[in-house]
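Notes follow once the structure below has been shown.
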Protein chains: 2
Amino acid sequence: MRRPAKTPPAGRRSAKPRPAPAAKPYHHGDLRRVLIEAAMQLVGEGGPEAVSVREAARRAGVSPGAPFRHFPSRDALINAVAEEAQRRFRAEIQAALADAPPGDPLGRFRCLGIAYLRWAMKNPTHFEIISSRRFFDHDRSAGVSSDNAELIGLSERTLAEALSAGQLGTRDLKQVQIAGRALVYGFARMHIDGHLPRWGVGEAEAERMAADIVDLFIAGIAKRSAAPAAKV
Amino acid sequence: MRRPAKTPPAGRRSAKPRPAPAAKPYHHGDLRRVLIEAAMQLVGEGGPEAVSVREAARRAGVSPGAPFRHFPSRDALINAVAEEAQRRFRAEIQAALADAPPGDPLGRFRCLGIAYLRWAMKNPTHFEIISSRRFFDHDRSAGVSSDNAELIGLSERTLAEALSAGQLGTRDLKQVQIAGRALVYGFARMHIDGHLPRWGVGEAEAERMAADIVDLFIAGIAKRSAAPAAKV
DNA sequence: CAATCCGTGTAATCGATGCTTACATTCACA
DNA sequence: TGTGAATGTAAGCATCGATTACACGGATTG
């Protein structure tokens with residue numbers, strides 16, 4: 001395990017120490033932050049399991065043992081990466097929903113799905129790290145857990161509004177909720193796991209297909225007689 | 001990485017050598033088979049990344065280098081496990097479809113989804129190994145690839161029959177195809193990745209919920225006026 | 001029947017990793 | 001100004017995957 005890395009003694013000194021930009025100071029300055037960034041970069045390059053404490057230390061220009069002053073274990077480092085990723089994910093979803101039209105709850109629910117898929121497909125490795133519990137335990141991280149709960153709540157509220165507005169053709173919100181989540185999570189993972197080409201969906205069409213299946217789902221749960229959710 | 005294992009010199013000799021059941025023979029007899037079985041067991045215990053060549057060798061009662069006579073790399077061993085898992089998966093899906101009523105293609109499509117989820121939830125770690133391409137490359141394994149293609153074809157044909165029979169409310173089979181796959185794949189992964197509790201679905205209700213969301217999806221794509229797919 | 005060949009297993013070794021411990025350095029506060 | 005806590009270094013342990021040289025022995029031949 002753990003790839004060789006190919007970047008042993010390259011670019012260190014990336015402007016962190018406040019005092020003098022001269023010879024390498026004994027103390028790094030903001031090692032924790034830099035380690036997280038290096039680890040996020042590693043995740044982006046080779047997925048969660050490509051994260052190695054030594055490599056992160058190497059990229060930070062620091063000895064192999066140094067990271068353990070900031071993270072008790074490799075898992076803790078990965079956890080920090082996950083928290084950062086989850087924070088960005090939640091921020092983007094919420095921003096997208098803020099842009100959605102206030103009326104038409106079902107249309108907002110749709111926007112939620114689209115925004116979810118857009119971020120997941122644009123940040124596949126980071127999406128994976130916050131999804132697959134193999135790399136860290138959601139419930140052990142207050143940050144990730146609460147961010148996630150917030151997104152779940154957002155989805156639940158939006159769907160409840162759609163029901164109140166008479167836009168749904170079913171009353172079992174929990175089923176719709178889970179099915180919707182399974183749909184977007186499944187498509188995101190199909191993209192990440194490289195299944196889409198096997199289903200005849202090329203990289204170029206992926207985003208379009210993502211929107212299409214969300215629309216298909218929305219149409220499936222919408223009240224038949226009601227006006228269809230606006231396609232934004 | 002790689003867990004300690006805790007089973008160093010325990011039960012070796014598990015009845016493989018043909019000649020004499022006496023003292024351990026120099027040659028194992030059927031090491032390749034036993035290694036795959038040990039690796040499958042490891043996958044079942046701790047997921048794909050819990051597979052270690054040394055541990056498999058240990059369980060087979062053989063030296064750490066021996067497995068490399070049969071598998072050029074750890075990945076090749078995992079690949080063999082994946083092929084075996086995919087074979088079983090395909091067999092079970094096909095068996096389930098064979099039991100489904102011949103008429104009512106949409107009902108058969110539903111059975112496909114149910115059988116898919118049943119196997120995935122019963123064999124989470126093996127499902128993961130054949131799904132997530134992080135552990136091996138589908139397209140590099142003829143066995144896995146062809147088994148998978150067969151399942152995709154099965155799904156496509158069934159859905160096309162449903163369209164011919166006038167059971168569908170849409171004509172874009174590809175969208176329905178992908179959405180259906182995303183739905184079941186997503187739910188299976190939610191189960192594997194431990195998301196369901198966060199969505200208020202306990203272990204006991206998981207199988208029921210799986211069936212419910214498949215039904216919800218089927219209802220969503222079915223022709224409105226048509227008779228609903230039989231709930232088997 | 002005997003000699004040899006080659007598939008298969010062993011032993012030793014390499015470099016990578018996560019993690020720990022003992023020591024060194026420097027920052028910040030009294 | 002001094003001193004303690006924070007933070008980095010050096011060295012070392014265990015595990016792992018993978019390679020290499022060697023040992024065994026069943027099967028094929030002459």
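The values are calculated or read from the model by the stated rules, or taken from the named source; none is laboratory data. These figures come from a predicted structure and were not determined experimentally. Glycine gets a Cβ as well: all are built from the backbone with ideal geometry, and neighbour counts include every protein chain shown.
Filter segment A:61-100 down to residues that are within 13 Å of DNA strand C (Cβ to nearest atom), assigned to a helix (DSSP H, G or I) and among the hydrophobic types (A, V, I, L, M, F, W, C), then give me how many there are.
Total meeting the criteria: 7.
Which of the residues spanning segment B:115-135 are away from chain A (no Cβ under 14 Å) and within 18 Å of B:GLU156 (Cβ to Cβ)?
Correct list: B:ALA115 only.
Of all residues in segment A:162-179, which are within 10 Å of chain B (Cβ to nearest Cβ), surrounded by fewer than 20 Cβ atoms within 10 Å (Cβ to Cβ) and more than 17 Å from A:GLY107 (Cα to Cα)?
Once the filter is applied, which keeps residues that are within 10 Å of chain B (Cβ to nearest Cβ), surrounded by fewer than 20 Cβ atoms within 10 Å (Cβ to Cβ) and more than 17 Å from A:GLY107 (Cα to Cα), segment A:162-179 yields A:ASP172, A:LYS174, A:GLN175.
With the requirement that a residue be outside any helix (DSSP H, G or I), in contact (Cβ under 8 Å) with a residue 12 or more places away in the chain and of a type outside the set (Val, Ile, Thr), what does segment B:160-216 give you?
Correct list: B:ALA165, B:GLY166, B:GLN167, B:LEU168, B:GLY169.
Okay, residues lined up against (1) buried (at least 22 other Cβ atoms within 10 Å of the Cβ); (2) in contact with a Pro (Cβ under 7 Å, 6 or more places away or on another chain); (3) of a type in the set (Ser, Thr, Tyr); (4) not assigned by TED's automatic domain parsing to the domain that holds A:ARG157:
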site: A:ALA57; (1), (2), (3), (4): no, yes, no, yes
site: A:ALA60; (1), (2), (3), (4): yes, no, no, yes
site: A:ARG74; (1), (2), (3), (4): no, no, no, yes
site: A:ALA96; (1), (2), (3), (4): no, no, no, no
site: A:ARG108; (1), (2), (3), (4): yes, no, no, no
site: A:TYR116; (1), (2), (3), (4): yes, no, yes, no
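Given (1) touching a residue at least 24 places away in the same chain (Cβ under 8 Å); (2) within 28 Å of B:ALA206 (Cα to Cα); (3) in a helix (DSSP H, G or I), where does B:PHE135 come up short, assuming only one miss?
Of everything listed in (1) touching a residue at least 24 places away in the same chain (Cβ under 8 Å); (2) within 28 Å of B:ALA206 (Cα to Cα); (3) in a helix (DSSP H, G or I), B:PHE135 misses just condition (3).
Can you tell me which residue among B:ARG90, B:ARG32, B:ARG2 is at pLDDT below 75 and within 24 Å of the chain's Cα centre (by Cα)?
It is B:ARG2.
Within segment A:21-60, can you find the residues that are more than 9 Å from DNA strand C (Cβ to nearest atom), in a helix (DSSP H, G or I) and within 14 Å of chain B (Cβ to nearest Cβ)?
A:VAL43, A:GLU45, A:GLY46, A:PRO48, A:GLU49, A:ALA50
Is it fair to say A:SER155 is of a type outside the set (Phe, Trp, Tyr) and either within 23 Å of B:GLU205 (Cα to Cα) or at the interface with chain B (Cβ under 8 Å from one of its Cβ atoms) (or both)?
yes
Looking at B:ALA182, B:ALA142, can you tell me which residue is facing another protein chain (nearest Cβ under 8 Å) and within 19 Å of the chain's Cα centre (by Cα)?
Testing whether each residue is facing another protein chain (nearest Cβ under 8 Å) and within 19 Å of the chain's Cα centre (by Cα) leaves just B:ALA182.
Looking at (1) assigned to a helix (DSSP H, G or I); (2) facing chain B (nearest Cβ under 10 Å); (3) surrounded by fewer than 16 Cβ atoms within 10 Å (Cβ to Cβ), which is the only condition A:ALA219 fails?
Looking at each condition in turn, A:ALA219 falls short on (3).
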